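Peer 1: Let me begin by handing over the structure; questions about it come next.
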Amino acid sequence: MIHKILTTIGPWGPLLFGVGFLAPLIAQIIERAGATPPLGLAPLMVGLIVGPALGLAAKLRGRWI
Amino acid sequence: MNINATPMNVSEMNDRELARAELTIARKYTDRFSWFMAIWWALNLTCWLSLWPLTLMGLLPLWAAFTIALFNVMLCYLPSHEAQHSNFAKSGDRLRWLNELIGYTSTIPMVLPFKIARLTHMEHHTHTNDPELDPDFGIKADNWVQAILTTIKRRQPGQPNSYGLTLAQLGDNPVVKRAGLEGLIQTLAFWVILSAFAWSGYAIEVALIWWLPRYVGTTYIGLMLSWAPHHPMTEQGRYRNTRYFKATFGNVVAMGMEHHIVHHLHPGIPLNWNGVAFEEMRPILEARGCRMEAF
C-alpha cells in the first residue's frame, strides 16, 4: 500500500508542492512587498500561474534548480 | 572530566589487551543516562514550538524566527540519534517511553520519521562506507563545498531516496512496514500542515519557521554528521571507517562530531561523553591505526 501511494503521488510531488505551497507563498510575498502584478492580475492568480508552472517544470526536468 | 583515567603502555599490548583496555574505558561511559541530551531535546523542541504562536501573533519578527528555527533544526537531530541507539533507556526499561518520546518528537522540525531514522542508521553503522549498503554513502564528496552541492542534488525530484532504497533492501517484514507507514504518515502530515498554513494566509511564516530552516538545517546536519566524520569514505573496517578530526571552527560548530569515531566504536556512549572517552582511548586508537585528521 505504501509503495502504491508513493509511486502514485510521488511523481506529482513537485506539482502538488507548486499548487499547495508555492502558489500562496508567491501571492503573499507579492502582497507584503506591496507590488502590483501586471495585466491586472490578483496576487493569488499570479501565484496559481507561477507556482504550478515551476512545479510542473521541476517534474518534467527532474530537478528544481 | 574523565573517570579513573589510568596510564597505559599500549606499545606493549597485543590485540586482545588493546580490545580489553578499550572496552574497560568504554564501559565507564556506556549506558549512563544523559541529562545533557534530554535537556537539549526539551529546550530545543520547546523553543521551536514556541516560535509558532510568537510569530503568528506578531510578537517575534520573521527574521528572528527564521534564525532561531534554523538553529532548532540543526540541533534537533542529535537527541533523536541518542534515542535511535536506545541510550536514554533500553527496551523493557522503566524510562523506555521517554527514549521513544525523544526519538519521535526531537526531529519534528526536520521531519525525519523516527523508525526510519533508527533502521537506516543501524544500517549505516553495520555497513559504514559501503557504496551499496550504507544509506549515508550518497554524501561522498571531495570537499565540503561539493558535499553541500551533492546534498542539494540528492534532494531533487528525479533522484532516488537512499532511505527508501535501504528500507526496500531490508525486506518485507513487519518492522520495516511499520516504519514505512509511520514515515509516510509523518511526511504527508508535514506537507498537509504546510499547505494548510499557507492557504490560511501564513505562507511566509511557515516557510521561515519550518520549510526553509528544514532545508538549510538538514544540509548542515548532513555535512557535519555524515560527510565530515567519514570523509573520504574510501575505507571500511572498525578502526578506519570513521575518523577523529580537529575542527578548525571548534567542536561545538561541528556538533561534537570531532570524536565521532568513539560513537562508531561504542554507540552506547552518549554524545556528551564521547570527548572524554576519546581522550582516554586516544593511545589505543592511535595504536589501532585510527585516522587523526583535521577539517
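Throughout, read-outs are computed from the coordinates displayed, never taken from laboratory work. If you're wondering where the values come from, they're calculated on a predicted model, not measured in any experiment. Glycine also receives a Cβ, built like all others from the backbone with ideal geometry; neighbour counts cover every protein chain displayed.
Peer 1: How high is the relative contact order of the stretch A:2-61, given as a whole-number percent (alpha carbon pairs under 8 Å, six or more residues apart)?
Peer 2: 47
Peer 1: Take the Cα atoms of the protein assembly as shown, find their three principal axes, and give me the spread along each one in whole Å, biggest first.
Peer 2: That works out to 84, 43, 42 Å along the principal axes.
Peer 1: I would also like to ask the following. Amide H neighbours of residue B:245 under 5 Å, counting only residues 5+ apart in sequence or on other chains, H built in-plane at 1.01 Å?
Peer 2: HN-HN under 5 Å from residue B:245: B:260, B:293.
Peer 1: Further question on the same structure: Counting other C-beta atoms within 10 Å, which of B:257, A:45 has the fewest, and how do the rest follow?
Peer 2: A:45, B:257
Peer 1: Over all directions, the average projected area of the alpha-carbon convex hull for the stretch B:1-139 comes to how many nm²?
Peer 2: Approximately 12.5 nm², given one-decimal rounding.
Peer 1: Determine the calculated [θ] at 222 nm for chain B from helices alone, applying -39500 (n - 2.57) to every DSSP H run no shorter than 4 residues and normalising by the residue count; nearest 500 deg cm²/dmol.
Peer 2: -17500 deg cm²/dmol
Peer 1: While we're on this one: Using Cα-Cα distances under 8 Å and only pairs 6 or more residues apart, what relative contact order does the stretch B:158-295 have, in percent?
Peer 2: Relative contact order for the stretch B:158-295 comes out at 19 percent.
Peer 1: Would you kindly state how much longer the chain becomes between residue B:30 and residue B:162 on full extension, computed as 0.36 nm times their sequence separation minus their alpha carbon distance, in nm to one decimal?
Peer 2: 44.5 nm
Peer 1: At R0 = 51 Å, how high is the FRET efficiency between residue A:65 and residue B:90 if r is their beta carbon distance? Nearest 0.05 is fine.
Peer 2: Taking R0 as 51 Å, the efficiency between residue A:65 and residue B:90 is 0.70.
Peer 1: Also: Please give the per residue volume of the convex hull enclosing the alpha carbon atoms of chain B, rounded to a whole number of Å³.
Peer 2: 150
Peer 1: Right, something else. As an exercise, use a Förster radius of 35 Å and the Cβ-Cβ distance of residue A:39 and residue B:154 to find the FRET efficiency, rounded to the nearest 0.05.
Peer 2: Efficiency computed from Cβ-Cβ geometry: 0.35.
Peer 1: Fewest first, what order do B:190, B:249 take by the number of other Cβ atoms within 10 Å?
Peer 2: Arranged by neighbour count, lowest to highest, B:190, B:249 become B:249, B:190.
Peer 1: Hey, another quick one. For residue A:1, put the label point 7 Å out on the Cα→Cβ axis and report which residues of the stretch B:170-207 keep their amide N under 16 Å from it.
Peer 2: Counting backbone N atoms under 16 Å from the label point, the list is B:173-189.
Peer 1: What number, in percent, do you get for the relative contact order of chain B if the mean sequence gap of Cα pairs under 8 Å and at least 6 apart is divided by its residue count?
Peer 2: 24
Peer 1: Would you give the gap between the C-alpha center of the stretch B:133-170 and the C-alpha center of the stretch A:22-65, rounded to a whole Å?
Peer 2: 29
Peer 1: Please compute the average number of Cβ atoms from other chains found within 10 Å of each residue's Cβ in peptide A:7-17.
Peer 2: 2
Peer 1: Using a Förster radius of 25 Å, what is the FRET efficiency between residue B:192 and residue A:50 based on their Cβ-Cβ separation? Nearest 0.05, please.
Peer 2: Rounded to the nearest 0.05, the efficiency is 0.70.
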